[in-house]
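All remarks here apply to the structure that follows.
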Amino acid sequence: MKLWYDAPAAETSYLNKECTLLPIGNGYMGALVSGQVLSERLQFNEESLWTGGPGGKCKDGMSGVGSLYNFGHSRDHKSPPSPAEFLAAMKNGSYTDDMMRDMMGTADGYGAYQNFGYLCMDHQHTGDVCDYKRELDLETAVASTSYRADNIGFKREYFASYPARIIAVRISADKPGAVDIKLAVQSAQEGAQISYCQKAGAACIDINGVLADNAMKYAARFIAVGNSGKMTVYDDKVHFENADSVMIVFSAATDYKNEFLGLDSSIYRCNTDPGSIAATKVDKAVKTGYDKLLAEHIEDHQTLFGRVCLCIGGGSDAPVDTLLDRYGSSPQNDRTLEELLFQYGRYMLIASSRPGTLPANLQGKWNPENEPPWSSDYHYNINLQMNYWHSGITNLHECALPLVDFIKEIVPSGEITARMYNGVKSGWTLHTSGNIFGLTAPGWGLEWGWSPANNAFICQNLWDYYEFSNDTETLRNKIYPIIKGAALFWVNALVKDGKNLIAVPSLSPEHGPVTYATAYDQQLIWELFNFTIRAIDLLELTEDNELRSELDKMIKSLAPVQIGTFGQIAEWRDQPTDYDDIYDKEHRHVSQLVGLHPGTLINKETPGLLDAARVTLERRGDGATGWSMGWKINFWARLFDGNHAYRLVQNLFRENIADNLFGLHIMGAPRNSGFQIDANMGYTAGVAEMLLQSHAGYIEPLPALPDVWHTGSIKGLVARGGFIIDMSWSDGKLDTMEITSTTGLPCTVRYGDVTKMFDTEKGKKYSI
Ligand code: FUC
């Protein structure tokens, strides 16, 4: 499980080089390793270094314009028309988009995730370089660069430790005294102070600053220690000569605190000094020493990463860029990439989302720009959800906890948004995009900004967290109050249209007109009401019996899924056919199928809808952005069509995977252009979904196995109910299946037309 290369990462253009760099991360911080021989810049991020928010003056990620932040709400916001008024206008033809004026938010002070800076390492040697290798070992989460020069073997190792909250780099040589290196640190922010000094035989470099936009304080500490040789500390660099090895440890922090205190008083700051937070971690880590830090880090990483192992016939030992060039040339070549990318999605989640951190954003935690695409933010209409789809099924439950905590913190802001735009008495919602400063307002563009059912969509992730982990405590204390609030929002916000209950106004994500009762909204609300009822039952919340009956009643009245005249699932209720031809037929969002995946509304028991879902996907085609392909793998898996799911896997590799295996956003873009981690996460979820499904009340092994993966094995996938599944198969048929029950719940397995039901005991393993 290694990504390796025989050349350094491309230093072509600033914008795209991150797609050849190797990512490491400890959840809080990310860094990108280039492995340049003489002059290497290690770019790094700290997750909370954002412009915008309270005090932020920037607009849509661009500094310097706009007015002060108001949580995305326009300062002259007036009461918008009621849902009933919208519906009446839509029905009698008097609706114009002007009615949406007060349903839109503003970009003022939205902000953007920032680049923190660079650790620069200038290596002093003269001879020709040979035997160059740069790699990222997914099993240890250690990156390295090695080569020979002047007849000496040089090696650099880089890792990001979650237990120690630091990043460490060690430079060594196989000849004593051969390391000669100049270190310097650069900030990516204007006005940062950088100081160099000597402390107890080590070099200490501090970055301290305040973001010009929102006065957020930030700091980083670097300590470099040489093993033998000479160290000279200058004002702007540190020079190690004749050292056997040099270790650098660093950490960064800000004074950000994720705490919403109300529109008027929120500050999103704590009183701590980021300089001392970073210094405490680094000083402690230096005392621990490199070997112990490394051992602790590997153990911590392996506890998570090592839970799942996929074998479908990989094993080609070639540089990843060569494997990509040769994609399609041989089964072993392709299986190698397919296994690697599967595990890479898991690796990236471990590196960007750990208990106590913020959730992984559009770019995980890796962003070398100050004005990144979409601010490197949280998108709630698919992208953030997709980042976490694989967390349960691939056994990374803990990594989803940051999402639970983040949504919990945002609910009070979402309650204000719910009142302001929908006029509801209780409940919360959020819309299309958000920053780390509690923004839940609708977006500032008519064609994408309005999307209140995203509350249900993100709750689906939280519910799935529970279903896979069986963590009843988190369900009771954190998740249930969140999903109940989202359900209450819809209890209050739905309006009657004849016999039906519908969402008004309603917009299919980034596609089509403002209308009512889009398939997206209706299906998500159906899912939300159903899992809220299940949570009430599971937790035996008799005090919520009334809500339970209300939801039960409302589910029956929700406008049902409609089939359009092409036989597709209609995306828009008022125009089931026409818009399909007017709007983009191959649009990346396939929002009308949320009930197929990640939802459960469209399933084997609804064969008519399943057929319509197939027609929908066929009409949409097999292209679009990286994340869209990731989603389509999941869709085709839920349609039990492994070969079609695999076609998407192939398209993803051909069109949308960069040299460092980052998923790309634009289809057919140059291989190393802008990335979003959602494509990676969606792919990993999709592959798991091809091998195991459990959303229909039973476990189904190999539901969508493509012909090319005819023989293989997987260990450690998780089925709902907390069952850990190991299986092997050959010639496309299941050979063995072992089920470890972590909960003691009864188990049902269905394979072909055979169904087995049995009771289980907690901790016991069952073979089928
Ligand atoms: C979504 C998509 C875009 C992009 C953006 C960050 O809403 O429609 O393709 O991924 O989020």
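The values are calculated or read from the model by the stated rules, or taken from the named source; none is laboratory data. Computed from a predicted model, the values in this text were never measured in an experiment. Because the Cβ atoms are built from the backbone with ideal geometry, glycine has one as well, and the counts that use them run over all protein chains shown. The area values use the complete protein model at the heavy-atom level, side chains included, leaving out ligands, DNA and RNA. Shrake-Rupley method; radii C 1.70, N 1.55, O 1.52, S 1.80 Å.
Scanning the stretch 322-363 for residues that are basic (Lys, Arg) and open to solvent by 10 Å² or more (accessible area, probe 1.4 Å) yields Arg326, Arg335, Arg354. If I filter the stretch 429-445 down to residues being hydroxyl-bearing (Ser, Thr, Tyr) and away from the ligand (no atom under 15 Å from the Cβ), which single residue comes out as nearest to Phe406 (Cα to Cα)? Ranking the qualifying residues of the stretch 429-445, first place goes to Thr440. When the residues of the stretch 447-465 are filtered to those that are more than 19 Å from Met386 (Cβ to Cβ) and of a type outside the set (Gly, Ala, Ser), which remaining residue is farthest from the ligand (Cβ to nearest atom)? That would be Pro452.
Matching residues to (1) within 12 Å of Ala84 (Cα to Cα); (2) without any contact (Cβ under 8 Å) to a residue 12 or more places away in the chain; (3) in a strand (DSSP E or B); (4) assigned by TED's automatic domain parsing to the domain that holds Cys459:
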position: Val504; (1), (2), (3), (4): yes, no, no, yes
position: Leu507; (1), (2), (3), (4): no, no, yes, yes
position: Val514; (1), (2), (3), (4): no, no, yes, yes
position: Gln522; (1), (2), (3), (4): no, no, no, yes
position: Asn530; (1), (2), (3), (4): no, no, no, yes
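All of Gly109, Gly127, Gly105 fail the test of being surrounded by fewer than 16 Cβ atoms within 10 Å (Cβ to Cβ) and not hydrophobic (A, V, I, L, M, F, W, C), apart from Gly127.
From the list Asp235, Asp244, the one residue that fits, being assigned by TED's automatic domain parsing to the domain that holds Ser39, touching a Pro at 6+ places or on another chain (Cβ under 8 Å) and open to solvent by 40 Å² or more (accessible area, probe 1.4 Å), is Asp244.
One residue stands out in the stretch 364-382 among those that are assigned to a helix (DSSP H, G or I) and open to solvent by 10 Å² or more (accessible area, probe 1.4 Å): the one that is nearest to the ligand (Cβ to nearest atom), namely Trp374. Entry remark, the stretch 335-363: residues being in a loop (DSSP other than H, G, I, E, B), among the hydrophobic types (A, V, I, L, M, F, W, C) and away from the ligand (no atom under 16 Å from the Cβ) number 1 in total. Of these, Ala360, Ala400, which one is in contact with a Ser or Thr (Cβ under 8 Å, 6 or more places away or on another chain) and closer than 20 Å to Thr440 by Cα? When all the criteria are applied, what remains is Ala360.
Only residues that are closer than 22 Å to Trp709 by Cβ and open to solvent by 40 Å² or more (accessible area, probe 1.4 Å) were counted in the stretch 307-321, giving 6. Of the numbered criteria (1) open to solvent by 40 Å² or more (accessible area, probe 1.4 Å); (2) modelled with pLDDT of 95 or more, the one Ala253 fails is (1). For Asp213, the stated conditions hold: it is assigned to a loop (DSSP other than H, G, I, E, B) and closer than 16 Å to Leu49 by Cβ.
Candidates are the residues of the stretch 264-306 that are charged (D, E, K, R) and not in a helix (DSSP H, G or I); the one that is surrounded by the fewest Cβ atoms within 10 Å (Cβ to Cβ) is Asp264.
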